[in-house]
Amino acid sequence: MIEITLSAMRFHALVGILPHERTTPQPIDVDLRVDVADGDGIVDYSALYAVVAAVFGSSHIDFLEEIGERIARDVLQHSARIRTARVAVRKPHVSLGGPLAFAEVVVVRRADD
């Protein structure tokens with residue numbers, strides 16, 4: 001098994017359920033880790049990045065969980081060699097009434113799920 005990680009990808013997107021989150025793009029950070037089965041050829045990192053970017057290019061997304069689910073699903077469909085996708089989605093600007101570096105959701109999906 002081979003592990004590929006793309007760390008700290010940053011996108012600006014309309015994410016959230018509050019009124020201002022529907023009109024003002026905000027930064028969203030994503031880490032993607034995939035487990036790749038042995039086999040011929042390579043899994044192209046730029047193609048994985050493009051899969052992630054396409055999720056943000058779609059439309060407004062209400063929840064970080066939805067972003068993680070979409071990315072995991074699309075990455076698993078990208079190559080039959082990808083066995084597991086782990087997606088961490090972080091929102092650095094969350095107002096919860098006190099100090100907070102970010103809110104993070106982690107989604108892990110396997111090809112056989």
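Read-outs throughout are calculated quantities, based only on the coordinates presented, and are distinct from any laboratory measurement. Computed from a predicted model, the values in this text were never measured in an experiment. Note that each Cβ is placed from the backbone with ideal geometry, even for glycine, and that neighbours are counted across all protein chains shown.
As an exercise, take the mean of 1/r over every pair of distinct alpha carbons in the chain, invert it, and state the Kirkwood radius in angstroms.
That comes to 14.6 Å for the chain.
Give, rounded to the nearest 20 debye, the magnitude of the charge dipole that the chain has about its Cα centre when Lys and Arg contribute +1 at Cβ and Asp and Glu contribute -1 at Cβ.
Roughly 220 debye for the chain.
Can you run phi through the Karplus equation (6.51, -1.76, 1.60; θ = phi - 60°) for region 67-76 and list ³J(HN,Hα) in whole Hz, with x for Gly and Pro?
In residue order, the calculated couplings are 4, x, 5, 4, 4, 4, 4, 5, 5, 5 Hz.
Where in region 17-34 is the amide nitrogen less than 17 Å from a point lying 7 Å along the Cα-to-Cβ axis of Phe102?
Of the residues in region 17-34, 26-34 have backbone N under 17 Å from the label point off Phe102.
Among Pro27, Ala88, Ile4, pick out the residue whose Cα is farthest towards the positive end of the charge dipole of the chain, where Lys and Arg carry +1 and Asp and Glu carry -1 on C-beta, about the Cα centre.
Most positive-ward Cα: Pro27.
Using +1 at the Cβ of each Lys and Arg and -1 at the Cβ of each Asp and Glu in the chain, identify which of Val75, Leu14, Tyr45 lies farthest towards the dipole's positive end.
After comparing all options, I get Leu14.
May I ask you to compute the full-extension gain from Ser7 to Ser58, defined as 0.36 nm times their residue separation minus their alpha-carbon distance, rounded to one decimal in nm?
Extending this stretch completely gives an extra 16.2 nm.
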